[in-house]
Amino acid sequence: MYTSAEAGKLVKKIEDELKRQMLTERKSYSFVVASGEDVESLRPKYEFAETQKNINELQEKLRIVKHAINQFNLTHTLPGFDGLTIDQALIMLPQLNSRRTKYQEMINRLPKERISGIHSRNNLIEYNIANYNIEEVEKAYKELTSHLAKMQLALDTVNTTEKMEIPVVE
């Protein structure tokens, strides 16, 4: 049994081992020797069938672990978020963060900012004027920031407490 956090670390471990195996294979399935050198004494150890078996096993483990994580994310809900699945929350977080960034930019604008001389093509004085209520955006920003913090905390709690079964031996 694994938590999502532990399963994520297992994914990283398997991916690292897979990268190492593939790099070792790339470095040893061919080699360069100069004429006159003893080819056999310079030949790196490489067994094609054994290497492919190891790579295939690691790839299968990776599929199993990632599938278990995906299944967990699809079937488990985020406590306190009205049936929102973890999968939906993981999609929603970047959307909400993007909205928060937009609100932050809107809050940081001046209500009226002189722009003539910078972008103007004529001698008229031009202004860029905020076409919204800054206080309204500030309120929305604070509410969204609070909602994001609660959602992230709920995800962190689920990721470190709820367990899933992964039918793979390390």
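At a glance:
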read-out	value
Members of segment 143-164 that are hydroxyl-bearing (Ser, Thr, Tyr) and more than 23 Å from Met1 (Cβ to Cβ)	Thr145, Ser146
Those helices (runs of 4 or more DSSP H) lying entirely in segment 1-87 with at least 1 residues touching a residue at least 24 places away in the same chain (Cβ under 8 Å) and either among the aromatic types (Phe, Trp, Tyr) or within 14 Å of Met164 (Cβ to Cβ) (or both)	4-28, 48-75
Test: residue in segment 83-104 that is of a type in the set (A, V, I, L, M, F, W, C) and more than 30 Å from Ser146 (Cβ to Cβ)	no
Flag for Gly117 being assigned to a loop (DSSP other than H, G, I, E, B), at pLDDT below 95 and farther than 30 Å from Thr3 by Cβ	yes
Those residues of segment 129-161 which are outside any helix (DSSP H, G or I) and surrounded by fewer than 14 Cβ atoms within 10 Å (Cβ to Cβ), in sequence order	Ile129, Asn131, Tyr132, Asn133
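Yes/no per residue for (1) among the aromatic types (Phe, Trp, Tyr); (2) within 17 Å of Val65 (Cα to Cα); (3) loosely packed, with under 15 Cβ neighbours inside 10 Å; (4) in contact with a Cys (Cβ under 6 Å, 6 or more places away or on another chain):
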{"residue": "Met1", "(1), (2), (3), (4)": "no, yes, yes, no"}
{"residue": "Ser4", "(1), (2), (3), (4)": "no, yes, no, no"}
{"residue": "Lys9", "(1), (2), (3), (4)": "no, yes, yes, no"}
{"residue": "Arg20", "(1), (2), (3), (4)": "no, no, yes, no"}
{"residue": "Leu23", "(1), (2), (3), (4)": "no, no, yes, no"}
{"residue": "Ser30", "(1), (2), (3), (4)": "no, no, yes, no"}
{"residue": "Val33", "(1), (2), (3), (4)": "no, no, yes, no"}
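The values are calculated or read from the model by the stated rules, or taken from the named source; none is laboratory data. These numbers come from a predicted model, not from an experiment. Note that each Cβ is placed from the backbone with ideal geometry, even for glycine, and that neighbours are counted across all protein chains shown.
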